[in-house]
Amino acid sequence: MAANFRIKLHRKTNNIRMKLCGDFDGMSAMELICAIKDNSTSAKRIYIETDGLNSLLPFGLDVFQKKLSLPPAISGKLLFIGNHSQAIAPKGTSFINLSQGTNSASGMGRESAHYAKGS
């Protein structure tokens, strides 16, 4: 795990906010997967804030995309927020990049996979 990677977790009623900080590598990806799985049953919504990430290493993204295996009921709870949300959000989850609005990650290629919800 990147020495500077941290997940700051905050609970509020049935929602969980995970603020990611530091560099996102393969071990960081595994830590995030464990945090999501550990908290997915107790939360109605999990917000994952990505603005605190310094860098997204390709191997970290690959590990996260391939190893995060969740049923649709759980993946639908995830909402990635921030400048890195589009890059990190796996298929079946939603993301908000304030410069682009609310989007969903689909099974298409990453560059063409983003469409506004409700479209």
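The values are calculated or read from the model by the stated rules, or taken from the named source; none is laboratory data. Computed from a predicted model, the values in this text were never measured in an experiment. Quick reminder, even Gly has a Cβ in these numbers, built from the backbone with ideal geometry, and neighbours come from all protein chains shown.
Against the numbered list (1) touching a helix residue (DSSP H, G or I) at 6+ places or on another chain (Cβ under 9 Å); (2) exposed (fewer than 14 other Cβ atoms within 10 Å of the Cβ); (3) touching a residue at least 40 places away in the same chain (Cβ under 8 Å); (4) not aromatic (Phe, Trp, Tyr), residue 9 comes up short only at (3). Of note, residue 85 satisfies the criterion of being modelled with pLDDT of 65 or more and in contact with a strand residue (DSSP E or B) (Cβ under 7 Å, 6 or more places away or on another chain). Screening 28, 69 for residues that are farther than 17 Å from residue 96 by Cα, among the hydroxyl-bearing types (Ser, Thr, Tyr) and surrounded by 14 or more Cβ atoms within 10 Å (Cβ to Cβ) leaves exactly one candidate, 28. Tell me which residues, restricted to segment 29-68, are more than 10 Å from residue 88 (Cβ to Cβ), in a strand (DSSP E or B) and within 11 Å of the chain's Cα centre (by Cα). Within segment 29-68, 46, 47, 49 qualify.
For every residue, the table says whether it meets (1) of a type in the set (A, V, I, L, M); (2) closer than 20 Å to residue 9 by Cα.
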position: 23; (1), (2): no, yes
position: 54; (1), (2): no, yes
position: 61; (1), (2): yes, no
position: 64; (1), (2): no, yes
position: 85; (1), (2): no, yes
position: 92; (1), (2): no, no
